[in-house]
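The values are calculated or read from the model by the stated rules, or taken from the named source; none is laboratory data. If you're wondering where the values come from, they're calculated on a predicted model, not measured in any experiment. With ideal geometry, Cβ positions are generated from the backbone for all residues, glycine too; neighbour counts draw on all protein chains shown. Accessible surface areas use protein heavy atoms only, side chains included; no ligands, DNA or RNA. Shrake-Rupley method; radii C 1.70, N 1.55, O 1.52, S 1.80 Å.
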Amino acid sequence: VPKPKSFSACYIHAYRFLEGGRKLQYIHTTPVEDIPYSFCNYKGRLLAGIGTTLRMYQFGKKKLLKKCEMKFFHAGINNINVMGERIYITDLADSFHVLRHKNKENQFFEFADDVLPRWITACCLLDYQTLAGADKFENFFVCRLPQNVEEDIEEDPMTYKFKWETGYLNGAAYKMDQICNYYYGEVITCMQKASLSNSTTNQVIVFGTSMGSIGAFLPFETKEDVDFFTHLEM
């Protein structure tokens, strides 16, 4: 990071909803060693991005109890998403990482990442294989995991224990493919997959930018749509 960050102390505060969500009850405070950028629920536990460390906490009576962690990410974990057994995280300066948690060994292992060190400002999980993201250079992009990832991991997860045998330059064994890259012209600060009608079809990606714009990315579903808008653009 170009400008070093500084802080005197960092904490995670836990609260409980009461009376149907109309009231908050303070539970406890847990001190941490770095700035917590992101949180996500994972099987009743808390995944937290504490600076460059991904950590799993369990709720205790007096504070959060540390159960598992993975250190040495690049600049800071600023987004965490979970679908099924997979944990999708983004680094402030190192794009996407896809991990799983092994219950028997109680440890995280990374099996896929991106080939480009993107400076992520926002991300959105589209499906089990696909992620959409935006970086500080005003780009929007979509990345997808390779087709053979699911089968190999389900057959033998332990083959990825020694990642230096399968990865390249200390990276993950699998690399994500870039589906599209679009220069928007403003820094996208948040995005979410949503449906603008009551039906589940015609889902779009709604986003907001640092300049106050609100927009939506609509995917083309047929070749006729692509041809029409290509000729309209020309």
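Test of understanding: what is the full-extension gain from Lys223 to Glu69, defined as 0.36 nm times their sequence separation minus their Cα-Cα distance?
Full extension from Lys223 to Glu69 adds 50.9 nm.
Would you calculate the convex hull of the Cα atoms in the range 1-127 and tell me its volume per residue in Å³?
Per residue, the Cα convex hull of the range 1-127 comes to 144 Å³.
Round to the nearest 10 and give me the degree value, 0 to 90, for the angle of helix 223-233's Cα axis relative to the longest principal axis of the chain.
The two axes meet at around 70 degrees.
Taking 0.36 nm per residue of separation and subtracting the Cα-Cα distance, what length does fully extending Lys23 through Asn103 add?
25.3 nm
Put a dot 7 Å past each Cα toward the Cβ at Tyr128 and Ala194; how far apart are the dots in nm?
Rounded to a tenth, the inter-label distance reads 2.7 nm.
Accessible area of the chain with a 1.4 Å probe: how many percent of it is carbon plus sulfur?
54 percent
Taking only protein heavy atoms and a 1.4 Å probe, what accessible area per residue, in Å², does the chain have with all protein chains in place?
Counting only protein heavy atoms, the per-residue value for the chain is 61 Å².
Based only on the alpha carbon positions, what is the Kirkwood hydrodynamic radius of the chain, in angstrom?
Radius from the Kirkwood sum: 19.7 Å.
Taking the Cα-to-Cβ direction at Met234 and at Asn202 and moving 7 Å from each Cα, how far apart do the two end points lie in nm?
With each label placed 7 Å out from Cα toward Cβ, I get 2.8 nm.
Gain in length, Asn181 to Arg144, computed as 0.36 nm per residue apart minus the alpha-carbon separation, to one decimal in nm?
Gain on extension, Asn181 to Arg144, equals 12.1 nm.
Grab the eigenvalues of the alpha-carbon gyration tensor for the range 1-42, scale each by 5, take roots, and send me the semi-axes largest first in whole angstrom.
28, 12, 9
Radius of gyration and Dmax for the range 18-88's Cα atoms, expressed in Å?
Both quantities, over Cα of the range 18-88: 13.3, 42 Å.
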